[in-house]
Amino acid sequence: MQPIHLENVQKNYFLDKVQVSALKGINLKIDAGEFTVIAGPSGSGKTTILNLIGCVDTASSGKVVVGGKETGSLTEKQLTDLRLHTIGFIFQSFNLIPVLNVIDNVEFPLLLQNKQSPKERRDQVMRFIDRVGLTQYAQHRPSELSGGQRQRVAIARALVTKPQIVLADEPTANLDSVTGQNIIDLMKEINATEKTTFLFSTHDHSIMNQARRIIRLLDGRIQE
Amino acid sequence: MTHWMVLKIAARNVFLHRMRTLVVGVILAFGAFLAVLGHSFVNGISGGMESSTTQSITGDIQIYSESAKDKLSVFGNMDGSPTDVGHVDSFESVEKALMKNPEIVSVVPMGTSFAQVNPGNILDHFLEKLRKSYKSANVDKNDIDSQKRRIRFLAQEIQKNLEGKFEEIGILSAADAAQAKINLEKVDQEEFWNDFDSNAENKIEFLANKIAPLIFDDNMIFFSYVGTDPQLFKEKFPQFEIVKGEMIPPGTRGFLFHDFFYENMVKHRIARRLDQIKKKMKDDKLTLANSKELQDQIKANVEQSAEIYLQLGPAETETVAQKLNKLLGTEEKDFRTLLKNYLSMSDENFQERYDFFYKEIAPYVILHRVQIGDVLPLSAFTKAGTSTAVNIKVYGTFRFKSFENSPLAGNFSVMDLVSLRELYGFMTDERREQNKEIEAEMGLDDVGRDSIENLFSSSTATKDIKPKAKPQTIDLKFQKRVMGATYTQEELTKGVFLHAAVFLKDTSNVDRVIKEINELSKSDKLGIKAVSWQDAAGFIGQMTFMMKAILNIFIGISLLLAGLMIMNSLLMAAMNRKQEIGTMRAIGAHAQFIYRLFFYETLFLSLLFGGIGAALGALLVVILGKVGIPASGDVATFFFSGPKLYLHLNPSLIFLVMAVMVIIAILATQYPAWKAMKISPLQAMQKRE
Ligand SMILES: Nc1ncnc2c1ncn2[C@@H]1O[C@H](COP(=O)(O)OP(=O)(O)O)[C@@H](O)[C@H]1O
Ligand SMILES: [Mg+2]
C-alpha cells in the first residue's frame with residue numbers, strides 16, 4: 001500500500017468569480033521510502049499538490065489517499081491528527097516558532113502527540129538535533145540562527161515524530177545554493193537511513209536532478 | 001503536557017511584545033488597584049456607617065407596623081421630614097413571640113421623632129425669671145429691682161447694638177425698624193420703669209414681644225430623639241455610656257442628650273468654635289495662619305461677639321473689660337471693640353486666650369443653652385394634628401464608646417418611651433386626667449436659686465468680683481416641675497411602640513431571620529414586618545449601597561476598557577501571527593490548542609498585572625489602615641463616622657479581584673481566540689513577505 005495515492009485530482013480556485021484550474025486531473029502513486037521531487041515552473045501547481053497531500057487543503061474532485069486514509073472523508077480534527085502523526089512538514093520559509101528555542105521547537109510536535117515520557121521525549125529531541133548538527137545551538141532562538149541552521153531545525157522538527165511522509169515545498173528557495181545543497185544532502189541521508197518517504201518541490205534544476213524520481217508538472221498536469 | 005508548552009509560548013509572547021503588554025498591563029493593574037483600594041475605602045465607610053448605625057439605634061433588624069403608611073426610616077426622609085410608620089399595639093406580646101426564635105437575642109422598643117426646642121434668648125430668659133419672682137409667694141423687692149436693672153442694661157445693649165444698623169438688618173421692614181427704634185427708646189426712658197411693679201405683667205409682655213425679638217439670634221435647637229426603655233437601651237447597646245450627669249433612673253421619665261449633639265449644638269457658639277479650633281490644631285496640626293477653615297471660625301466668633309456682651313451685666317462687663325485690657329496690654333474703653341480684638345485670635349495667642357475664655361468669661365455666660373437638670377418643654381404634632389407638649393427633665397448626656405466622634409451615632413438623643421407615647425398622642429384618657437389633676441395641684445412655684453441676683457448684687461456693691469469666684473450656673477426659664485414623672489415597667493412594656501431594634505446572635509443570619517419574623521407575623525397575626533438595618537436606616541442605608549454601586553460602575557468601566565484593550569491587542573496578535581498559528585495547525589496542533597494559547601496569554605497578563613495592581617492597592621490599604629485618612633470637613637466626618645477613616649484589608653477582596661481578572665481574561669479571549677482558531681494551516685504555506 002502506497003503512503004500517497006492521488007486519483008484524478010482536480011483543484012479549482014476562484015479569483016473574483018473567475019475559475020482558475022490549478023490541478024487538472026492528477027494521478028499519482030508514491031511508494032514508501034521514495035525520494036521524490038515535484039518539478040515545474042512557478043504556477044504549475046506544485047504547492048497545490050503538496051497542500052492536498054499535506055491535508056491542509058481539500059481537492060475539488062478526485063481522491064487523495066494519505067497514509068492509507070482517504071482525506072475527503074475525514075473531519076477537521078481527524079485531518080489534524082493525520083498531519084500530526086503521519087506527516088512532517090518542511091516549509092520554504094522555515095516557519096519556526098519565534099519565541100521558542102531550538103529544543104522547544106523540535107519538541108513541539110512531540111508534545112502535541114503526547115505519547116512519550118518527558119525523558120524519552122528529551123532524548124529523542126536531542127538525538128535529532130544532533131542528527132542535523134545543531135547540538136551546540138540547542139538553546140538558541142531562531143532569530144539567533146542562520147537560514148541554513150533554521151531549516152535544519154525545521155528538518156529536525158519534521159522528522160522527530162518519525163513520520164511516514166515528509167513534505168517540503170521548495171525547502172531551498174530561501175537559501176543560497178551551497179546551503180541549499182547541504183539541506184538536500186541531509187534529506188537524502190535521512191531518507192537513506194530512516195526510510196522516510198520524501199516528497200519535495202523545487203524549480204531549481206541542479207536540485208531536481210538529484211532525486212531518484214522526478215514528477216514534472218506543467219500547468220496543472222503531470223508530464224512524466 | 002502541552003499546557004506547559006502553551007504557557008511557555010504565552011508567557012514569551014507577553015514578554016516579546018513589551019509595548020502592548022505594558023499598555024494593557026497598566027490598565028489592568030490600575031483596574032485591580034482601584035478595585036482593592038476603592039472597595040476597602042467604601043467598605044471602610046459603609047462598615048463604619050453600619051456599626052455606628054446598628055450599634056447606636058437600629059440593631060441588626062428593625063420591626064414596625066405591617067400597615068405603616070411610610071417605609072421605616074429612622075433617620076427620617078432625605079428632606080428631614082419624619083416618616084409615618086404607624087404603631088404596634090403591644091410591645092410585650094410582640095417581644096414574647098419574637099424571643100421564641102433562638103436566633104433573636106433581644107428586642108428593644110422604640111419610637112424616633114424630631115423635636116424643636118426654643119430655650120429662648122437671654123432677654124426671654126431674664127423675663128421669665130422676673131415673671132416667676134413676681135408670682136412667688138414671698139416677693140423679694142430687692143431681688144426684683146436688681147433683675148429689672150439687669151434687664152434695663154440688656155435693653156440698652158440691644159439698642160446700642162442696633163444703632164445706625166436698623167436699615168442694614170434685612171429682617172425688619174422700614175416701618176418695623178422705625179417702630180423698633182421707638183420701642184427701644186421707650187424702654188430707655190425713666191417712665192417705663194417707674195410704674196413697672198404696678199403693671200408688671202404688661203411690661204414684661206411688652207419686653208418679651210417687642211424687645212426680645214430684636215436680639216436676632218436663632219436659638220432654636222432641632223434634634224432627633226429616640227423614645228425607648230432607657231434601661232434596656234443601655235443594656236442592649238453595650239457601647240452606651242453616660243458622659244455628663246446621670247442615667248435616667250428606672251421608672252422615671254427623663255431625657256439624655258447625646259454628648260456629641262450637646263457639645264456641638266447646645267453649647268455656646270463661641271465656646272464651641274474655640275473648642276473645635278483647639279481640637280483641629282491638635283489633631284490635624286492645622287494652624288490659624290494656614291487654615292481657611294479655622295480663619296472662618298475666628299471670623300464668625302468676632303462677628304457674633306454679641307453672644308458674649310449681651311449676656312454680661314454691667315459689673316461683669318467692667319470686670320471682664322479690665323482683665324481683657326490687661327491680657328491684651330491695651331486701654332480700650334469700648335467693650336465691644338475690646339471683645340472683638342480679643343476674639344481675633346492668632347496662632348501665637350490662641351492657647352492663652354482660650355484658657356482666658358474658660359477662666360474669665362465662661363462663668364458669666366450661658367455655656368450650654370440647656371443644662372443638665374433642666375426641664376425641656378418638648379412639643380410634637382400628634383397624628384390628630386394637635387400639638388402636645390411634654391416637659392421632661394434632662395438627666396445628662398451619653399455617647400457610644402468608640403463612636404464618640406461619629407455624627408451618625410450621635411444623631412439621637414434618648415428619652416423614655418412613655419413620654420414619647422404622650423408626645424405622639426397615645427395617652428390613655430385615664431393618664432391624661434391624672435396629669436390634669438397633678439398640674440392643678442402643683443401650680444408653678446419652683447424657682448430655685450437665683451444665681452443672676454448673686455452676680456448682680458456683688459457687682460452693685462463693689463467693683464471687683466472675687467477672681468476665684470465659683471462659676472455661677474444660670475437657670476433657664478423652663479425650670480418647672482415635671483408632670484407625671486414616673487411610670488411602671490408594666491406600663492412601658494404593655495403599651496404601644498413605633499418600631500423596635502432586634503439583635504441577633506449571628507448577624508450573618510439577618511436575611512433569614514427577617515423572613516422568619518415576617519412569616520411568624522403572618523401566622524400569629526402580630527401585625528409587624530421586619531427589615532434589615534440598611535432598609536431601616538433609609539437614605540443612610542441606601543447611601544452605602546449607592547457608594548458601592550458607583551464604585552463598581554467605575555471599576556467596571558475601567559475593567560471593561562482593559563477587557564476591550566486586551567481583546568483588541570489579541571486580535572492584532574492573531575492577525576500578525578497568522579503564519580505562526582498556521583504552522584502550528586499544519587504541524588498538528590488542534591484548534592483547541594490555539595484557543596488555549598490565547599487564553600493563557602491573557603490569563604498570564606491579567607494575573608501578573610492584576611496581581612501587581614492588587615498588591616499595590618493592598619499595600620496602600622495597609623498603610624492607610626495604620627495612618628488613617630483624615631476627614632476634611634463635616635461631610636467627610638459624617639461619611640468616615642469620625643475624624644479619621646482607618647482602612648482594613650480584607651484578604652478575600654484580593655481573591656475576588658483576581659477572580660474578576662480571570663473572568664475578564666476569559667471574556668476578552670473569546671472573540672480573538674475564535675478568530676485565531678479559524679486561521680487555516682494553509683497560512684503556514686504563504687510566503688513571508
Ligand atoms: N489561493 C489561491 N487562489 C487563487 N489561485 C491560486 C491560489 N493558490 C494558487 N493559485 C493558482 O493556482 C495555480 C498553481 O499555483 P501553485 O500551486 O502555487 O503553483 P507553484 O507552487 O507551482 O508555483 C497558479 O495559477 C496560481 O495562481
Ligand atoms: Mg509554490
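The values are calculated or read from the model by the stated rules, or taken from the named source; none is laboratory data. If you're wondering where the values come from, they're calculated on a predicted model, not measured in any experiment. So basically every Cβ, Gly included, is an ideal-geometry build from the backbone, and we count neighbours across all protein chains shown. Heads up: the accessible areas ignore ligands, DNA and RNA and are worked out on the full protein's heavy atoms, side chains in. Shrake-Rupley method; radii C 1.70, N 1.55, O 1.52, S 1.80 Å.
Listing for the model above:
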{"quantity": "Accessible area per residue, Å², chain A with all protein chains present, probe 1.4 Å", "calculated": "43 Å²"}
{"quantity": "Angle between chain B longest axis and helix B:429-442 axis [Cα atoms, degrees, rounded to 10]", "calculated": "40 degrees"}
{"quantity": "Most to least packed among B:340-348, A:42-50 [average Cβ atoms within 10 Å]", "calculated": "A:42-50, B:340-348"}
{"quantity": "Antiparallel DSSP beta bridges within chain A, percent to nearest 5", "calculated": "50 percent"}
{"quantity": "Point-to-point label distance, B:N349-B:A174, nm (Cα→Cβ direction, 7 Å offset)", "calculated": "4.3 nm"}
{"quantity": "Chain lengthening between B:M546 and B:D296 when straightened (0.36 nm per residue, less Cα-Cα)", "calculated": "86.7 nm"}
{"quantity": "Relative contact order for region B:275-428, counting Cα pairs under 8 Å that sit 6 or more residues apart, in percent", "calculated": "17 percent"}
{"quantity": "Debye, to nearest 20: dipole size of chain A, +1 on Lys, Arg Cβ, -1 on Asp, Glu Cβ", "calculated": "320 debye"}
{"quantity": "Relative contact order [Cα under 8 Å, 6+ residues apart], region A:43-161, whole percent", "calculated": "29 percent"}
{"quantity": "Difference of contour (0.36 nm per residue) and Cα-Cα distance, B:E191 to B:L561", "calculated": "124.8 nm"}
{"quantity": "Whole-percent carbon and sulfur share, accessible surface of region B:122-214, 1.4 Å", "calculated": "48 percent"}
{"quantity": "Rounded tilt (10° steps) of B:2-16 against the dominant C-alpha axis of chain B", "calculated": "70 degrees"}
{"quantity": "Span from the region B:114-162 Cα centroid across to the region B:187-201 one, whole angstrom", "calculated": "14 Å"}
{"quantity": "Förster-model FRET efficiency, 56 Å R0, B:V105 and B:R18, C-beta, rounded to 0.05", "calculated": "0.40"}
{"quantity": "For residues of A:75-87, the mean tally of beta carbons on other chains within 10 Å", "calculated": "3"}
{"quantity": "Size of charge dipole - region B:122-214 - debye, nearest 20, with Cβ of Lys, Arg +1 and Asp, Glu -1, no other charges", "calculated": "280 debye"}
{"quantity": "Heavy-atom SASA rank of B:H258, A:H85 (probe 1.4 Å, accessible area, largest first)", "calculated": "A:H85, B:H258"}
{"quantity": "DSSP beta bridges in the protein assembly as shown [antiparallel fraction, %, rounded to 5]", "calculated": "70 percent"}
{"quantity": "Positive-end extreme of charge dipole, the protein assembly as shown - chosen from B:T486, A:A59, B:N552 (charges on Cβ)", "calculated": "A:A59"}
{"quantity": "Cα long-axis angle, helix B:578-587 against chain B (0 to 90 degrees, to the nearest 10)", "calculated": "50 degrees"}
{"quantity": "Spin-label model distance (nm) - A:D185 vs B:V243, 7 Å beyond Cα toward Cβ", "calculated": "9.8 nm"}
{"quantity": "Computed E for B:L7/B:N576 - FRET, C-beta separation, R0 22 angstrom, nearest 0.05", "calculated": "0.60"}
{"quantity": "In nm, spacing of pseudo-spin labels at A:H140 and B:K525 (7 Å Cα→C-beta vector)", "calculated": "9.6 nm"}
{"quantity": "Mean Cα-pair separation over length for chain B, i.e. relative contact order, pairs under 8 Å, 6 or more apart, %", "calculated": "30 percent"}
{"quantity": "Most positive-pole-ward Cα, B:S40, B:G59, B:F75, against dipole of region B:1-96 from beta carbon charges", "calculated": "B:S40"}
{"quantity": "In order through region B:235-246: 3J(HN,Hα) via Karplus (6.51 cos²θ - 1.76 cosθ + 1.60), integer Hz, x for Gly, Pro", "calculated": "6, 8, 9, x, 7, 4, 8, 7, 9, 10, x, 9"}
{"quantity": "Residue-span extension gain [B:S93 to B:H648] - 0.36 nm each, minus C-alpha spacing", "calculated": "195.6 nm"}
{"quantity": "Shielding by other protein chains, A:97-109, mean Cβ within 10 Å", "calculated": "4"}
{"quantity": "Positive dipole terminus of chain B, leading residue within B:P213, B:I392, B:L656 (C-beta point charges)", "calculated": "B:L656"}
{"quantity": "Cβ-Cβ FRET estimate between A:K29 and B:I553, R0 fixed at 51 Å, reported to 0.05", "calculated": "0.15"}
{"quantity": "Nearest-20 debye value, the protein assembly as shown charge dipole, Cβ charges on Lys, Arg, Asp, Glu", "calculated": "4880 debye"}
{"quantity": "Probe 1.4 Å, protein heavy atoms only - accessible area per residue of chain B in square angstrom", "calculated": "47 Å²"}
